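The next block holds one structure in the form of structure tokens; read it before the comments.
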Amino acid sequence: MANPMARSFLQVAATEEVATPLRVVQIEGLVILKIIKHCKEFSPALVTGQLLGLDVGSVLEVTNCFPFPTREEDEEIEADGANYQLEMMRCLREVNVDNNTVGWYQSTFLGSYQTVELIETFMNYQENIRRCVCIIYDPSRSNQGVLALKALKLSDSFMELYRSNNFTGEKLREKNLSWVDIFEEIPIKVSNSALISAFMTELEADSPVTQCDYDRLQLPANPFMERNVEFLIECMDDLSVEQQKFQFYYRSLTRQQAQQQAWLQKRRTENAMRKAAGEEPLPEEDPTNPIFKPLPEPSRLDSYLITNQIANYCNQINGVAGQSFNKLHLMKALHDG
């Protein structure tokens, strides 16, 4: 006799949804080539495009992509861009190509991508897509012989806090959220079909050395280092401005608290005199008094994003400087030999 409480797999899948954490982003090799081509053609201008694929368990498969038109401030042109996106996805659906949106890609210059606009784009995507990623490609960093490609998503704790739009110090301490908890980097796995792998093997040259290997041996890295240091200095100035905002807030808060204490002391003295005269005491709280109006605490979101940028520039400078020292020691050994 069948168990009446037993349910089929389809019934369980229809009623219960298990949230599997995203572990890896699997990208087709052709998609990476499309992203690199689009970003390099318009560099140093920043471009963006749509990612298409499938969300399978803990793997987000990116199987296709297409570029967005150059965006302008004109609303009609922006509307045309939206229509272009819908038309592209309709055409892909008609030819039986994956047309499920799984995120977007965008280019960056020296890693300057941690902005409020990126967060807002993530939140807009999250309204319709449960899990999405942003592929960041840096053509300037790739010129140093490194494939500067990374997949990012917003952390769940940060998205919850961003929806409430409350980035005060008390709330951040309550959620135990620091500047490193805004973005999560997802590992990228490059995947190719067996036919493509076989074709690439046939095209592979006899020499094992590639152009990327030659790029790694380039000694001059001064322009790249200089731009990173310049951007780092600008970020330090911006962080100093944010710190000045907090210093002004705390000075204003201390001044207000002193005024409140003085006002309360005066009211208590007045109430003591009224009580001695047999009169009713006045209330010690007066909401209409401007000194009791709460001062709005500045948001810490901008300072968190700037700190992320500073850490990114420091990591890039550290990486390039270490590689440059290795190259110099190598060349010195070759010269002495």
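Listed by first and then second residue, the pairs linking a residue in region 102-114 that is touching a residue at least 60 places away in the same chain (Cβ under 8 Å) to a residue that is among the hydroxyl-bearing types (Ser, Thr, Tyr) and open to solvent by less than 10 Å² (accessible area, probe 1.4 Å), with Cβ atoms under 8 Å apart and 6 or more places separating them unless they lie on different chains, are 105/137; 106/137; 107/137; 108/137; 110/313; 111/313. Note on region 99-124: residues that are among the hydrophobic types (A, V, I, L, M, F, W, C), open to solvent by less than 30 Å² (accessible area, probe 1.4 Å) and farther than 30 Å from residue 322 by Cα amount to 6.
Screening residue 237 against (1) over 28 Å from residue 222 (Cβ atoms); (2) open to solvent by 50 Å² or more (accessible area, probe 1.4 Å); (3) within 22 Å of the chain's Cα centre (by Cα) leaves a single unmet condition, (1). Take region 22-50 and flag every residue that is over 18 Å from residue 88 (Cβ atoms), open to solvent by less than 40 Å² (accessible area, probe 1.4 Å) and not small (Gly, Ala, Ser). 22, 24, 25, 27, 32, 36, 39, listed by residue number. In region 9-46, what count of residues is obtained for those that are modelled with pLDDT under 55 and not charged (D, E, K, R)? Total meeting the criteria: 8. Within region 280-310, the set of residues being in contact (Cβ under 8 Å) with a residue 24 or more places away in the chain and either outside any loop (DSSP other than H, G, I, E, B) or open to solvent by 80 Å² or more (accessible area, probe 1.4 Å) (or both) comprises 291, 292, 301, 302, 303, 304, 305, 306, 307, 308, 309, 310.
Filtered by the rule that a residue be open to solvent by less than 90 Å² (accessible area, probe 1.4 Å) and free of Cβ contacts under 8 Å to residues at least 24 places away in the same chain, region 255-275 gives 258, 262, 264, 267, 269, 270, 271, 272, 274. Checking the stated criteria, residue 127 turns out to be closer than 24 Å to residue 27 by Cα, more than 11 Å from the chain's Cα centre (by Cα) and open to solvent by 80 Å² or more (accessible area, probe 1.4 Å). Looking at (1) surrounded by 18 or more Cβ atoms within 10 Å (Cβ to Cβ); (2) at pLDDT below 70; (3) not hydroxyl-bearing (Ser, Thr, Tyr), which one does residue 67 not meet, given that it meets all the others? If we test residue 67 against (1) surrounded by 18 or more Cβ atoms within 10 Å (Cβ to Cβ); (2) at pLDDT below 70; (3) not hydroxyl-bearing (Ser, Thr, Tyr), just (2) comes out false. Under 24 Å from residue 168 (Cβ atoms), among the hydrophobic types (A, V, I, L, M, F, W, C) and either modelled with pLDDT of 85 or more or touching a Lys or Arg at 6+ places or on another chain (Cβ under 9 Å) (or both), is that true of residue 217? The answer is no for residue 217. One residue is enough: does region 125-135 have a residue meeting the conditions at pLDDT below 90, in a loop (DSSP other than H, G, I, E, B) and closer than 21 Å to residue 45 by Cα? Checked against the condition, which is being at pLDDT below 90, in a loop (DSSP other than H, G, I, E, B) and closer than 21 Å to residue 45 by Cα, region 125-135 yields no hits at all.
Kindly indicate whether any position in region 130-141 is within 28 Å of residue 175 (Cα to Cα), among the acidic types (Asp, Glu) and either open to solvent by 10 Å² or more (accessible area, probe 1.4 Å) or in contact with a helix residue (DSSP H, G or I) (Cβ under 9 Å, 6 or more places away or on another chain) (or both). Checked against the condition, which is being within 28 Å of residue 175 (Cα to Cα), among the acidic types (Asp, Glu) and either open to solvent by 10 Å² or more (accessible area, probe 1.4 Å) or in contact with a helix residue (DSSP H, G or I) (Cβ under 9 Å, 6 or more places away or on another chain) (or both), region 130-141 yields no hits at all. Inclusion of residue 275 among residues that are of a type in the set (Lys, Arg), more than 30 Å from residue 131 (Cα to Cα), out of contact with any His (no Cβ under 7 Å at 6 or more places or on another chain) and at pLDDT 80 or above is warranted. Only residues that are of a type outside the set (D, E, K, R) and more than 21 Å from residue 32 (Cα to Cα) were counted in region 97-120, giving 4.
The values are calculated or read from the model by the stated rules, or taken from the named source; none is laboratory data. Not measured: the values here are computed from a predicted model. Note that each Cβ is placed from the backbone with ideal geometry, even for glycine, and that neighbours are counted across all protein chains shown. Protein only, heavy atoms only, side chains kept; ligands, DNA and RNA dropped before computing areas. Shrake-Rupley method; radii C 1.70, N 1.55, O 1.52, S 1.80 Å.
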